[in-house]
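What follows is a set of notes on a single structure, which appears directly below.
FYI, it's all coordinate maths here, none of it is from the lab. The structure displayed is predicted, hence computed values, not measured ones. When we count neighbours, we look across all protein chains shown, and the Cβ atoms used for this are built from the backbone with ideal geometry, even at glycine.
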Amino acid sequence: MTDGLFVTFEGGDGAGKTTQARLLEQWVAAAGRTVVRTREPGGTEVGALIREIVLHHRGDVAPRAEALLYAADRAHHIAALVRPALERGDVVIQDRYLDSSVAYQGAGRVLGRDEVRELSLWAAEGLLPDLTVLLDLDPAAARARLDAEDKPFDRLEAEKEAFHTAVRAEFLALAAAEPTRFLVADASRAPEDIASEVRARVRTLLGEAPDDVGAAD
Ligand code: TYD
């Protein structure tokens, strides 16, 4: 058992996970808790090397190899960074976790979602988040946001729209299967509206009364 709080953000590319993770980090820190903000893939030194392979390698990577690379990143990240932080009592705010593997490697590709989930759970020694915020956005709207950023697409971002539609459906199915762990947020709204919905859930999990941390609101 851990005393910390483990919050993950999930969603398609361009759904606004980074913005929401940052807003939540600021609010939790202002409420006096120590925050560790991290991401997968690439949250550790080893993970940064793995991230280079999975996102920037030119040419095909066999689906099982790709799933194992994400799982290897996850295994090291959880053991070296996330679990120690939770044991210290910190709040860990993480961009992507095992639900991304199930949605991207499981549903979008040739592997079964159950085997991908089992692999991830093995890698992470069974650790599940206290809260997973799914930023749900239509892939066409997400695409428009990424275009506006005017930066080159990485290998996975360049995959076609049908893939992103399948990924979105898989995320929604995961959320429906675990309604207690998930908060599904409509990501087409203003960032501040989404952030306040997320804060309300985190406040409950931190055991705070609604007004306790009002100064940081
Ligand atoms: P990320 O850095 O979050 O990119 P973005 O900001 O564009 O969302 O994730 C990089 C890519 O890695 C993203 O397209 C999803 C993919 N991914 C998987 O396919 N499986 C996984 O287990 C994880 C963690 C990410």
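A few notes on this one:
- Of all the options ASP95, ASP60, ASP136, the one that moves most in a Gaussian network model of the chain with Cα springs shorter than 10 angstrom is ASP60.
- Packing-based order for 68-77, 182-191, 140-149, 39-48, using average beta carbon neighbours within 10 Å, highest first: 68-77, 39-48, 182-191, 140-149
- Sorting TRP122, TRP27 by the number of Cβ atoms found within 10 Å of their own Cβ, with the fewest placed first, yields TRP122, TRP27.
- Directionally averaged projected area (convex hull, Cα atoms, the stretch 1-121), nm²: 7.7 nm²
- Computed from the alpha carbon positions, the gyration tensor of the stretch 1-61 leads to an equivalent ellipsoid with semi-axes of 28, 15, 10 Å, biggest first.
- Within the chain, helix-based [θ] at 222 nm, where runs of 4 or more DSSP H residues each add -39,500 (n - 2.57), nearest 500: -14500 deg cm²/dmol
- Equivalent ellipsoid semi-axes - Cα gyration tensor, the stretch 62-106, angstrom: 24, 12, 5
- Amide H to amide H, with H built 1.01 Å from N, VAL36 comes under 5 Å of VAL91, VAL92, ILE93, counting only residues 5 or more places away or on other chains.
- Charging the Cβ of each Asp and Glu at -1 and of each Lys and Arg at +1, and nothing else, the dipole of the stretch 5-208 about its Cα centre rounds to 260 debye.
- Sorting the segments 127-135, 8-16, 198-206 by their mean number of nearby beta carbons within 10 angstrom, highest to lowest, gives 8-16, 127-135, 198-206.
- Simple label model, 7 Å out from Cα along Cβ direction - GLU45 to GLU178, nm: 3.1 nm
- Inter-site label distance for GLU149 and ALA162 at 7 Å from Cα along Cβ, in nm: 2.6 nm
- The three principal axes of the C-alpha atoms in the stretch 5-208 carry coordinate ranges of 48, 35, 32 Å, sorted with the longest axis first.
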